[in-house]
Amino acid sequence: YRYTFFMLSNFHTHTYLCKHAEGGPLDYVRQAASEGCSALGFSDHCPYPQDDMWLYCRMSAADIPLYKRLVEAAKKEADFPVYFGFECEWSPQHRSWFQDELIGRYGADYLAFGSHWFPLNGRLEYIAVVTERRLVHTYIDFTIEGMKSGLYAFLAHPDLFLSSIRSIDADCLACADALIDAANDLNMPLEINGYGLIKSKVQRNYGEDYQYPVEAFWKRAAQKHARIICNADAHQVEQVLAGVQNGIQYAEDLGIPILDAAEALGFAHA
């Protein structure tokens, strides 16, 4: 195992600005400090230039300066490194928004790739409720295209596509292999997501499992020597490091080697 227990970093943290999480950056920093944090990254759901796009579950573009000010203020109180980022979908038409605005203009330290939605026949489909394999294949191809864009530091909850699938068969494993192989080719870390570990479980063909993380996926990732990290995906202040610790325990129980997120993302010596 590459991690040590005094390394508790989390690079998947949301704030009240996304409208479905609680707490501000300072609340998360103070909680993380009380639990021995080594590095903390904020990755709230990114806004889009068209403010009618997913506005119910993410900040508006007008909120970016406030978000950055809040992170900067929290950083001043922290005795560990604090990073400013966003969790983004893949959206080819918004590539310059991600690159030139979020990273270039606003100075994001990193973008996390949260691939929740994919385009189909002029509309967007939410992968966590999809079971039709043809659509899963479309999602996998679209997600790999995003991974190859060079914009993203890691792939959040890469097993989200299996959330509603109860029989993990050879086709599902082939889809998992495609994502894992792409991540390995790109040297991109894959995230065991702590948020999924506090959600209700489901029955799969091999027994009780989480909607995500999905045991079959992570065993496959370990076999392929993927670079695996644990993040909290914290939507509540008390989950900021608890989610990471739950992820570490999950990996340990399955015998899956993991990396410290700060180290894997190149922030360990920043």
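Can you give the convex hull volume of the alpha carbon atoms of the range 121-270 per residue, in Å³?
That works out to 125 Å³ per residue.
Remark: the range 78-91, residue by residue, has Karplus-estimated 3J(HN,Hα) of 8, 9, 9, x, 10, 10, 10, x, 9, 9, 10, 6, 9, 8 Hz, where x stands for each Gly or Pro and the curve is 6.51 cos²θ - 1.76 cosθ + 1.60 at θ = phi - 60°. Under the simplified labelling scheme, the ASN205-GLU22 pair shows an inter-label distance of 4.0 nm, with each label point 7 Å from Cα along Cα→Cβ. The shape of the range 125-212 can be summarised by an equivalent ellipsoid whose semi-axes, obtained from the alpha carbon gyration tensor, come to 22, 15, 12 Å from longest to shortest. Across the range 182-194, rounded Karplus estimates of 3J(HN,Hα) from the backbone phi angles (6.51 cos²θ - 1.76 cosθ + 1.60, θ = phi - 60°) give 5, 4, 5, 4, 9, 6, 9, x, 10, 9, 6, 9, x Hz, Gly and Pro being marked x.
Taking the accessible area of the chain, probe 1.4 Å, and keeping the other protein chains in place, the carbon and sulfur fraction comes to 50%. Think of a 1.4 Å ball rolled over the protein heavy atoms: the chain then has 41 Å² of accessible area per residue.
Close amide-amide hydrogen proximity is noted between GLY41 and ASN10, PHE11, HIS12, TYR83, each under 5 Å apart and 5 or more residues distant or on a separate chain (H modeled in the peptide plane; Pro and chain starts excluded).
Could you give me D for the range 113-157, from Stokes-Einstein at 25 °C and 0.890 mPa s, where the hydrodynamic radius is the Kirkwood radius over C-alpha pairs? Units µm² s⁻¹, please. The Stokes-Einstein estimate is 223 µm²/s. Across the range 28-34, computed HN-Hα scalar couplings (Karplus, 6.51 cos²θ - 1.76 cosθ + 1.60, θ = phi - 60°) run 5, 4, 5, 5, 4, 4, 5 Hz from first to last residue, x flagging Gly and Pro. To the nearest Å, what is the center-to-center distance of the range 190-256 and the range 114-140, using C-alpha atoms only? Centre-to-centre distance over Cα atoms comes out at 22 Å.
Do any of LYS19/LYS219; LYS19/LYS199; LYS199/LYS219; LYS148/LYS224; LYS148/LYS219; LYS19/LYS75 go past 26 Å between their Cα atoms, and which?
On the way: LYS19/LYS219 34 Å; LYS19/LYS199 19 Å; LYS199/LYS219 20 Å; LYS148/LYS224 19 Å; LYS148/LYS219 24 Å; LYS19/LYS75 22 Å.
Those over the limit are LYS19/LYS219.
With helices as the sole contributors, the chain gives -9500 deg cm²/dmol at 222 nm; each DSSP H run of n ≥ 4 counts as -39500 (n - 2.57), and the sum is divided by every residue. Listed by chain and number, the lysines whose C-alpha is less than 16 Å from the C-alpha of LYS68, apart from same-chain residues fewer than 8 away, are LYS76. Measuring nothing but alpha carbons in the chain and taking Rh as the Kirkwood radius, the Rg to Rh ratio lands at 0.94.
The values are calculated or read from the model by the stated rules, or taken from the named source; none is laboratory data. These numbers were taken from a predicted model, which means no experiment stands behind them. Don't worry about glycine lacking a Cβ; one is built from the backbone with ideal geometry, like all the others, and counts go over all protein chains shown. Side chains included, ligands, DNA and RNA excluded: accessible areas come from the protein's heavy atoms. Shrake-Rupley method; radii C 1.70, N 1.55, O 1.52, S 1.80 Å.
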